[in-house]
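Undergrad: One structure follows; several queries about it will come next.
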There are 2 protein chains.
Amino acid sequence: MVPRILIIGGVAAGPAAAARLKRLRPDSDVTLFEQGEHISYGTCSMPYFLGGDPERAEDLIHFTPEQFSKEKGCSVRIRHRVERVIPVRQRILVRNLDADEVEELRYDTLLFATGARSREVSHPPAENIFTLRTLSDAKRIHHWMTNSSPQRILIVGGGFVGMELAEAMSRRALDVTVIHRDDLPVNQAEPEIRAIVLDELRRKGVRFVGGATPVRWDVTNSRVGSVETTTGRMETDMVLLATGFVPNSELARDARIRCGSRGGIVVDAKMRTNVEHIYAAGACAEVRHLVSQKHVFHPLAQTANLMGRIAAANMAGESEELDGILGTSAVKIFDLQVASVGLTHRDALNHGIDAASSTVSSRSRGRDDRDSKPLFAKLVYHRRTRRLLGAHLVGEEGAALRVNTMATAVAKQMTVEELARIDMMYTPPFAPLWDPLTIAARQAK
Amino acid sequence: MVPRILIIGGVAAGPAAAARLKRLRPDSDVTLFEQGEHISYGTCSMPYFLGGDPERAEDLIHFTPEQFSKEKGCSVRIRHRVERVIPVRQRILVRNLDADEVEELRYDTLLFATGARSREVSHPPAENIFTLRTLSDAKRIHHWMTNSSPQRILIVGGGFVGMELAEAMSRRALDVTVIHRDDLPVNQAEPEIRAIVLDELRRKGVRFVGGATPVRWDVTNSRVGSVETTTGRMETDMVLLATGFVPNSELARDARIRCGSRGGIVVDAKMRTNVEHIYAAGACAEVRHLVSQKHVFHPLAQTANLMGRIAAANMAGESEELDGILGTSAVKIFDLQVASVGLTHRDALNHGIDAASSTVSSRSRGRDDRDSKPLFAKLVYHRRTRRLLGAHLVGEEGAALRVNTMATAVAKQMTVEELARIDMMYTPPFAPLWDPLTIAARQAK
């Protein structure tokens, strides 16, 4: 009998799982449901699209529903919202949003790949207040900006997405203000790195207002014209809310699927939920962190895709496990590369780990190279075992790729002493004689 | 009693050892002998100086003899050539080249840091045939070119230094020809990478003549005007010989210090030679390769400096060992980054290892990023144990730093399967969703 596999969610983990399932089990019957209009697109590229490069929203789409269906051999149903999952009967109820009809469908195996949504900020209705989560959101913002030619933008939230949006809007020559609840941006980063990011914002002409949250929205003719914040009133032509993400796990919760403390669906290393025949992958699920061994909510694209791949293998009857993730990430903030892997010093202390750290302010190239740039690195390690727990870098070049080296070191539970002895490359145009990671590791001694 | 430490050679390993010795044992009496005029300079930057950036030879000098002496607390004697080592009496004979006087000096501990010299190519005397090994060589070439304004240059040898020189001379708008004994340049590299380097040379207007060696030199008025090669005659205004390096080990050999099959002084993991109280470090010595466990001759700057540091620790009475090197290197060849770590597939087979390899032609950035560049990667691994043995990359961006990730993986004896599972960063401006290393590792499955 042909196994019938249903996948809820078509952005990242969903299509990754669907495509791999059909590769592993060409005989299976796979259907992908997406409530929006687009599937399989690059959410991480949306800020760049808003900044003007790439120019067309279509450039972000990897596969249209038709292409995906044809090339991967799956059924794709966009504008279909799954409204209920009934595990005991192995059924779902799905609404065709255009026809406004509900259908009941049976599954052999079901995958939740419902992703995350923007955290809500309460505000009155206004046509110029936006969040950015889907490609439709991106198109809507782009369209509104093209028609309304705003001069000033207020970005609420100074996290990594807020920073990417600040850069994108600066590229469009807007007057950009970021308000943020804390004094420094990007709360997940190490304090030294947060200070460097703030400097970069200022150097690029972005107004950053720390310790500020919205209190009152002044809306006239369906448009917000100014926002009263905890630190004062700010006039603006549009508002972008970038206050983080929450997992879309309500549908699962309603079906009595176990969710965790971070709000996401709890899965094991094979992406199985606690309910038979039901898997979850991507930002709707919590995932085990390799260092802390705790479940975390890290809505990262490569993690979502990886979870989708692993879910697919297990749904196809093979056996594949996710050891755990390291939250390896790199973000471009104007001229800076801000990169991170594993735990920050504070994360580690919060987990009750006796952590120490070592920092170095080095350079990206050899001493004679005039294009060399400052590069800051911080290593976090266990004080007693000397094992590496995380690494955090910032600089105009050489920060992003160095986190992959550290991901490898952290995954292999290397000590700082072992790291100090790794034979790293040197040539003046690409690295200093002693790599910044080597220096930081030596200084940890 | 104050220990008396003598160090022969002042370019890389020598100063690195001298400085660390004084840090570890401030009471010791350290003297550095250098037969040339300069100590402590960036040999790797010499091609860039010849290319015009940095502009001054002095920019390559880390410490003048006076600065080094003052800041590090060592005696420095330039223009002093050590002519004999008498281990049984713990003495050296050293000639002051300016005064033409020989002095006999006692040592408690002696370090050979005599480096390597350019491999000799027989040719008649001519003022416009050069080799590049010391800063004095670089100044001589620079001075001659400034005075004689050559239009055409012939570079003999298409190894990595030949490539760096070809780029440097192209920057000076010279008409550059490289002749090389093999059909493809950079013999140490993987064949796929050699072909890509050849394409790059051609794209940049460098004439590369493979299968060619010099046969006869036509010298008129002390200048070579053309060279007869195995593939024909080539007219030129100057010649740069870049046919590789050989260790300066004769002085050690004369003192009955054991040398190896590659011509270098044999040292153990503590940089000790087979003769008591005598150490060696840098390009004059052979060093153990971490993967092959064979002694190799790898005249790389970071390796020389590292060996100097380790020798210093042991000479100071501490205990420090070099696990082995990986030959991690990156070279800039015009717009390309050519990077390598560990064994090539052919190296591995030559060592009798049952090696396999996996290649990927990927990109440096996310699919939507218009500045993304091609990136080629090859992984070499043991067929049975699946352990990584080496990695080799080439591309306009992202190749150099990825070898550090692979150096970490190879040093930790990771398998391709483990590498495939490392959580690597993704963001469109810095990397594709699946890192090229991840893809290559998956394809090895």
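Undergrad: Say a label goes 7 Å from Cα toward Cβ at B:Asp268 in every copy; what distances in nm does this one have to the rest, shortest first?
TA: Sorted ascending, the copy-to-copy spacings read 5.2 nm.
Undergrad: Net charge within 12 Å of B:His289 by Cβ-Cβ distance, Lys/Arg positive one each and Asp/Glu negative one each, not counting B:His289 itself? Don't skip to the end; give the middle numbers.
TA: Values: positive: B:Arg262, B:Arg288, B:Lys294; negative: A:Asp423, B:Glu286, B:Asp323, B:Asp347.
So the environment of B:His289 carries a net charge of -1.
Undergrad: Report the net charge of residues surrounding A:Ala316, where surrounding means a beta-carbon distance below 12 angstrom and charges are Lys +1, Arg +1, Asp -1, Glu -1.
TA: +2
Undergrad: What total accessible area, in Å², is buried where chains B and A meet, using a 1.4 Å probe and rounding to the nearest 100?
TA: The contact between A and B buries close to 5100 Å².
Undergrad: Within 10 Å of each Cβ in A:363-372, how many Cβ atoms from other chains are there, averaged over the peptide?
TA: Rounded to a whole number, the mean comes out at 4.
Undergrad: Shifting gears a bit: Please list A:298-307, A:319-328 highest first by mean number of surrounding beta-carbon atoms within 10 Å per residue. Before the final figure, lay out each step's value.
TA: Numbers: A:298-307: 23.5, A:319-328: 19.4.
Put in order of decreasing packing, that is A:298-307, A:319-328.
Undergrad: Next question. Taking the Cα centre of the stretch A:306-389 as the origin, how large is its charge dipole in debye, to the nearest 20, when only Lys and Arg (+1) and Asp and Glu (-1) carry charge on their Cβ atoms?
TA: 580
Undergrad: Moving to a separate point now. Whose amide H sits under 5 Å from the amide H of A:Leu375, counting only residues 5 or more places off or on another chain, with H placed in the peptide plane?
TA: A:Ser362, A:Arg363, A:Ser364
Undergrad: Return the average number of partner chain Cβ atoms within 10 angstrom of each residue Cβ along peptide A:313-325.
TA: Mean inter-chain Cβ contacts per residue within 10 Å come to 1.
Undergrad: Keeping all protein chains in place, calculate the accessible area per residue for the stretch A:22-71 (probe 1.4 angstrom), answer in Å².
TA: Normalised by residue count, the accessible surface of the stretch A:22-71 is 46 Å².
Undergrad: Which is farthest toward the positive dipole end of the protein assembly as shown among A:Ser357, B:Pro3, B:Gly205, measuring Cα position about the Cα centre, with Cβ charges +1 (Lys, Arg) and -1 (Asp, Glu)?
TA: Checked the options; the winner is B:Pro3.
Undergrad: A further question follows. In the stretch A:416-432, what residues drop by 50 Å² or more of accessible area when the other protein chains are put back, versus the chain on its own? Use 1.4 Å, and skip ligands and nucleic acids.
TA: A:Arg421, A:Ile422, A:Asp423, A:Met425, A:Tyr426, A:Phe430
Undergrad: On average, how much accessible surface per residue is there in the stretch B:287-445, in Å², for a 1.4 Å probe, leaving out ligands, DNA and RNA?
TA: 33
Undergrad: If you average the alpha carbon positions of the stretch A:18-54 and of the stretch A:91-150, how far apart do those two centres end up, in angstrom?
TA: 15
Undergrad: Give the calculated FRET efficiency between A:Thr385 and A:Arg258 to the nearest 0.05, with a Förster radius of 22 Å applied to their Cβ-Cβ distance.
TA: Rounded to the nearest 0.05, the efficiency is 0.10.
Undergrad: Counting only helical runs of four or more DSSP H residues, what would the 222 nm mean residue ellipticity of the protein assembly as shown come to if each run contributes -39,500 (n - 2.57) and the total is spread over all its residues?
TA: -7500 deg cm²/dmol
Undergrad: What's the center-to-center distance, using Cα atoms, between the stretch A:200-225 and the stretch B:369-435 in Å?
TA: Computed from Cα coordinates, the inter-centre distance equals 42 Å.
Undergrad: Continuing with the same structure: Which residues, if any, in the stretch B:383-414 have at least 40 Å² less accessible area in the whole protein complex than in the isolated chain, probe 1.4 Å?
TA: Checking the loss per residue gives B:Leu401, B:Asn404, B:Thr405, B:Thr408, B:Lys412.
Undergrad: Counting only protein heavy atoms and using a 1.4 Å probe, what share of the accessible area of the stretch A:28-87 belongs to carbon plus sulfur, as a whole percent?
TA: Looking at the stretch A:28-87 in its full context, I get 41 percent from C and S.
Undergrad: Karplus couplings for the stretch B:413-424 from phi (6.51 cos²θ - 1.76 cosθ + 1.60, θ = phi - 60°), rounded to Hz, Gly and Pro as x?
TA: So the J values, rounded to whole Hz, are 6, 6, 8, 4, 5, 5, 4, 4, 9, 5, 7, 9.
Undergrad: With +1 on the Cβ of every Lys and Arg and -1 on the Cβ of every Asp and Glu, and nothing else charged, how large is the dipole of the protein assembly as shown about its Cα centre, in debye rounded to the nearest 20?
TA: My answer is approximately 1560 debye.
Undergrad: In the stretch A:146-225, what percent of the accessible surface is made up of carbon and sulfur (1.4 Å probe, ligands and nucleic acids excluded)?
TA: 44
Undergrad: Using only atoms on other chains, find how many Cβ atoms lie within 10 Å of each Cβ of peptide A:298-308 and report the average.
TA: 3
Undergrad: Could I ask something else about it? Identify, among B:Met46, B:Pro191, A:Gly158, the residue whose Cα sits farthest towards the positive end of the charge dipole of the protein assembly as shown, taking +1 on the Cβ of Lys and Arg and -1 on the Cβ of Asp and Glu, with the dipole about the Cα centre.
TA: Toward the positive end, the furthest listed residue is B:Pro191.
Undergrad: Kindly provide the pair-distance distribution of the protein assembly as shown built from C-alpha pairs, with 20 Å bins from 0 and whole-percent values in order of increasing distance.
TA: 14, 40, 31, 13, 2, 0
Undergrad: I'd like the Karplus ³J(HN,Hα) series for the stretch A:175-184: coefficients 6.51, -1.76, 1.60, θ = phi - 60°, whole numbers in Hz, and an x wherever there's a Gly or Pro.
TA: Whole-Hz 3J(HN,Hα) from phi for the stretch A:175-184: 7, 9, 10, 10, 10, 9, 5, 9, 6, 10.
Undergrad: Once amide H atoms are placed 1.01 Å from N in the peptide plane, what residues at a sequence separation of 5 or more from A:Phe208, or on another chain, have their amide H within under 5 Å of its amide H?
TA: The list, which skips near neighbours in sequence, is A:Val178.
Undergrad: Given the options A:Ala12, A:Leu379, A:Ser122, identify the residue whose Cα lies farthest towards the positive end of the charge dipole of chain A (+1 on Cβ of Lys, Arg; -1 on Cβ of Asp, Glu).
TA: A:Leu379
Undergrad: Right, another one. Kindly provide log₁₀ I(q)/I(0) values, in the same order as q = 0.07, 0.09, 0.10 Å⁻¹, from the Debye equation applied to equal alpha-carbon scatterers of chain B.
TA: -0.39, -0.65, -0.79
Undergrad: With θ set to phi - 60°, apply the Karplus curve 6.51 cos²θ - 1.76 cosθ + 1.60 along the stretch B:378-392 and write out the HN-Hα couplings as whole Hz, x wherever there is a Gly or Pro.
TA: Each residue of the stretch B:378-392 in turn: 10, 10, 10, 8, 7, 4, 8, 7, 6, 6, 6, 10, x, 8, 9 Hz.
Undergrad: Quick one: putting +1 on the C-beta of Lys and Arg, -1 on the C-beta of Asp and Glu, what dipole do you get for the stretch B:1-153 around its Cα centre, in Debye to the nearest 20?
TA: So the magnitude is around 500 debye.
Undergrad: To continue, here is another question. Once amide H atoms are built 1.01 Å from N in the peptide plane, which residues 5 or more positions from B:Ser40, or in another chain, come under 5 Å H to H?
TA: B:Val11
Undergrad: How about the stretch A:82-121: which GluC sites (Glu not before Pro) there lie in a loop by DSSP and see at most 11 other Cβ atoms within 10 Å?
TA: Loop-located and lightly packed - A:Glu120.
Undergrad: How many Å² of accessible area per residue for the stretch B:100-242, probe 1.4 Å? Walk me through the numbers before you get to the answer.
TA: Details: 6360 Å² over 143 residues.
The answer is 44 Å² per residue.
Undergrad: Related question: Checking buried surface per residue: for the stretch B:56-70, which residues lose a minimum of 30 Å² accessible area in the protein assembly relative to the chain alone (1.4 Å probe)?
TA: B:His62
The values are calculated or read from the model by the stated rules, or taken from the named source; none is laboratory data. All figures in this text were calculated on a predicted structure; none of them were measured in a lab. Quick reminder, even Gly has a Cβ in these numbers, built from the backbone with ideal geometry, and neighbours come from all protein chains shown. The area values use the complete protein model at the heavy-atom level, side chains included, leaving out ligands, DNA and RNA. Shrake-Rupley method; radii C 1.70, N 1.55, O 1.52, S 1.80 Å.
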